[in-house]
1. Within segment 276-293, can you find the residues that are closer than 17 Å to residue 376 by Cβ and touching a Gly at 6+ places or on another chain (Cβ under 6 Å)?
2. Name every residue in segment 304-351 that is more than 26 Å from the chain's Cα centre (by Cα) and either buried (at least 22 other Cβ atoms within 10 Å of the Cβ) or of a type in the set (D, E, K, R) (or both), in order of residue number.
3. Got a sec? Which of 178, 109 is touching a Cys at 6+ places or on another chain (Cβ under 9 Å), surrounded by 15 or more Cβ atoms within 10 Å (Cβ to Cβ) and over 17 Å from residue 195 (Cα atoms)?
4. Restricted to segment 141-175, and to residues that are in a strand (DSSP E or B) and either hydroxyl-bearing (Ser, Thr, Tyr) or touching a Lys or Arg at 6+ places or on another chain (Cβ under 8 Å) (or both), which residue is farthest from the ligand (Cβ to nearest atom)?
5. Can residue 296 be described as without any contact (Cβ under 8 Å) to a residue 60 or more places away in the chain and closer than 28 Å to residue 425 by Cα?
6. Spot the failing condition for residue 188; the list is (1) within 20 Å of residue 282 (Cβ to Cβ); (2) in a helix (DSSP H, G or I); (3) open to solvent by less than 40 Å² (accessible area, probe 1.4 Å), and only one is missed.
7. Return the only residue of 244, 216, 283, 265 being over 30 Å from residue 317 (Cα atoms), open to solvent by less than 30 Å² (accessible area, probe 1.4 Å) and not small (Gly, Ala, Ser).
8. Being crowded, with 24+ Cβ neighbours inside 10 Å and closer than 20 Å to residue 85 by Cα is the requirement here; does residue 156 meet it?
Amino acid sequence: MRDVQPKASHFISGQYTHDTSAPEMVSLYPFTGEVTARLHEATDAEIDAAFTAAAAAQKTWAALPPVERGRVLRRAADILRERNQELSEIETIDTGKPIQETLVADAESGAQALEYFGGLIAAVTGETVPLGEDFVYTIREPLGTCVGIGAWNYPIQIACWKAAPALAAGNAMIFKPSEVTPLSALKLAEILVEAGAPEGLFNVVQGTGRVGAALISDPRCAKVSLTGSVPTGRKVYAAAADGIRHVTMELGGKSPLILFEDAEIENAVSAAINANFYSTGQICSNGTRVFVHEDIHDAFVKRLAERTATAKLGDPLDPEVTVGPMVSDTQRQKVLACIEAGKEAGANLLFGGDVPEGPGYFLTPAAFDGVTDDMALATDEIFGPVMSILTFRDEDEVIARANATDFGLAAGLFTRDIKRAHRVVAQLEAGTCWINTYNLTPVESPFGGNKMSGVGRENARAALDHYSQVKSVYVCMGDVEAAF
Ligand code: NAP
């Protein structure tokens, strides 16, 4: 297995650094539980150094023509792709996700974000507003130093989805990865410097929520973008409100996937598998409430069980493996508790939910049938490989039930009726909807949540609005009138 121990814990002002007297953090390989890296939490002095470095770098960076900033980001995208094998192995070792996933969905997705925003930024211009002889023009300005805080499920993707629009718009960033997956963000920091970004433009500091909270409360933080759970979102949003900081909140979900009676069954089963078992179910936008029309229920359940039985669990570094371990035993225990609660509530466990013998934090993909809207299985985010199947009869009924949640991250539906598809999507309370597919998140498409699932959008042009502010300049061409 590749040695993933970094030179030091943090990347500040273009250098690896750490204070070995700070508390230690360890990284584990979820397949064996062995320690793969030892790091230290950031001290207050290191956090201060990151802000000082970011402020200095941001000034020179923002003064560059956008096309030059874009060139650096596009070069970083190329390097990410050149090093995809290494970065994918690091991500697999840190998260436990199968290498067949990380090779296509992690650093590659990050590269697409850097490429997209690197290409777009030179085309983002202000407006001119005619007012007779006078006029107003607008300038889109960076915010300053932005703080990014990541979850552990897609570490380098999250770092890139935040860094790419932030840096393109002329900001600097200090990024804190999840303490569970600290490694790949350091590689992104290295790569940005190699691509020509000024030292200090993108800094990585490690630590627990304490370090995240210290970053947000620093007066030099202009914005925070969090990817995490709703409870953390509440705390981070409140801390940001104290300093009137800009925020983006990418939070949790309990998204509906609706399969109408005319759904093409094999595609619907594929989507339900992707929406519940990809990344061992550890995806925010997962369609974990699968509403199946009564007429196709039996056919759907039969094919789902047959196809899930072919899943291959094992060492995630093995390219044949399709289901890896969960990220940690803590996360597995949380999910096991949800499965027990589901059984006690009277739902019918069709398959899975077992802890196989041998190494690794494995949990076999599970599906519950006969789930009702009031069960915790249907109301709470589980963040593991647990599908809940609910049945319905009528279109209006399923829309109302799909929307009866505080979350609003995503939703999907399968039907061959094009009018029904658009009619239903128009009524679903979700930031991202899919028709006849699930969980595709191209960088060209805005991504983010409604209701408790979040504030703001990542990806697409929309993300730039959240990393910049508009200055309006009024130009007077005549004389100035005054009362006296
Ligand atoms: P989490 O426990 O909420 O943690 C997210 C990040 O916030 C971590 O880096 C965490 O540090 C940090 N943090 C914790 N308390 C903080 C505080 N008071 N101030 C500042 N930062 C703080 O989430 P997770 O367990 O890592 O990830 C799973 C959750 O993320 C799920 O709810 C999932 O739906 C959500 N998610 C959402 C999206 C999206 O795009 N909408 C994408 C992926 C995941 P530590 O790691 O040290 O605790």
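1. Within segment 276-293, just 281 meets the criteria.
2. Of the residues in segment 304-351, the ones more than 26 Å from the chain's Cα centre (by Cα) are 304-307, 309-310, 340-351.
The answer is 304, 306, 307, 340, 342, 343, 344, 347.
3. Values: 178 fails: touching a Cys at 6+ places or on another chain (Cβ under 9 Å).
Checking each option against the conditions leaves just 109.
4. First pass over segment 141-175, keeping only residues in a strand (DSSP E or B): 141-142, 145-149, 172-175.
Subset that is either hydroxyl-bearing (Ser, Thr, Tyr) or touching a Lys or Arg at 6+ places or on another chain (Cβ under 8 Å) (or both): 141, 145-149, 173, 175.
Numbers: 141: 26, 145: 16, 146: 14, 147: 9, 148: 10, 149: 5, 173: 14, 175: 10 Å.
Ranking the candidates gives 141 first.
5. Working: without any contact (Cβ under 8 Å) to a residue 60 or more places away in the chain: yes; closer than 28 Å to residue 425 by Cα: yes.
In short, yes.
6. (1)
7. 216
8. Numbers: crowded, with 24+ Cβ neighbours inside 10 Å: yes; closer than 20 Å to residue 85 by Cα: yes.
Yes, satisfied.
The values are calculated or read from the model by the stated rules, or taken from the named source; none is laboratory data. Just so it is clear, the model here is predicted, and its values are computed rather than measured. A quick note on method: Cβ atoms are made from the backbone with ideal geometry, for glycine too, and the neighbour counts reach across all protein chains shown. Remember, those area values only see protein heavy atoms, side chains included, never the ligands or the DNA or RNA. Shrake-Rupley method; radii C 1.70, N 1.55, O 1.52, S 1.80 Å.
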